[in-house]
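Read-outs throughout are calculated quantities, based only on the coordinates presented, and are distinct from any laboratory measurement. A quick note: this is a predicted structure, and the numbers were derived from the prediction, not measured. Every residue, glycine as well, gets a Cβ built from its backbone with ideal geometry; the counts of neighbours run over all protein chains shown.
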């Protein structure tokens, strides 16, 4: 499946459902799970960051279909394209798979079971790491 994920970069929706800090490369894994992490921080290039919990209400139920459609539309999801959801180990992204496939009726949605733990440990694949880019060139942010 990882080859399919690499081939999907820039062609399909890649939805990273981890926290913004994991997505930005500030964290490799949630603090309570330090042993389950990838070798590198960051995210798959062109991935959209839509944390899984944004699809849920305070009481744990799913948001309405209209709210879900708006959430993913605002994030830039193109519902006419195939979608691959991922997180750290495929657990949180299964929630997003359910929201997109079962609740919103998108047919071509997959859950990347290897997720970031696999992808972020692969050699020779592209990775975006915004936190490393900022620390390597702090003046770059000031010039934007």
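Using the 10 angstrom Cβ neighbour count as an exposure proxy, how do 61, 117 rank, fewest first?
Arranged by neighbour count, lowest to highest, 61, 117 become 61, 117.
If you stretched the chain out fully between residue 61 and residue 123, how much longer would it get, using 0.36 nm times the residue separation minus the C-alpha to C-alpha distance?
18.4 nm
First check a/c for the stretch 1-138, with a ≥ b ≥ c the square roots of the eigenvalues of its C-alpha gyration tensor; if it is under 1.5, answer rounded, and if not, answer prolate when a/b is larger than b/c or oblate otherwise.
Because a/c hits 1.5 or more and a/b exceeds b/c, the stretch 1-138 counts as prolate.
Expressed as a rounded percentage, what relative contact order does the chain have, with Cα pairs under 8 Å and six or more residues apart?
31 percent
Can you order the peptides 47-57, 92-102 by their average number of other Cβ atoms within 10 Å per residue, highest first?
The packing order, highest mean first, is 92-102, 47-57.
Order these by the 10 Å Cβ neighbour count, fewest first: 81, 110.
Least crowded to most crowded, the residues run 81, 110.
Using the number of other C-beta atoms within 10 angstrom as an exposure proxy, rank 84, 9 with the fewest first.
With the fewest neighbours first, 84, 9 line up as 9, 84.
Per the helix-only calculation at 222 nm, which mean residue ellipticity applies to the chain, given -39500 (n - 2.57) for every DSSP H run of n ≥ 4 and division by its residues, nearest 500 deg cm²/dmol?
-7500 deg cm²/dmol
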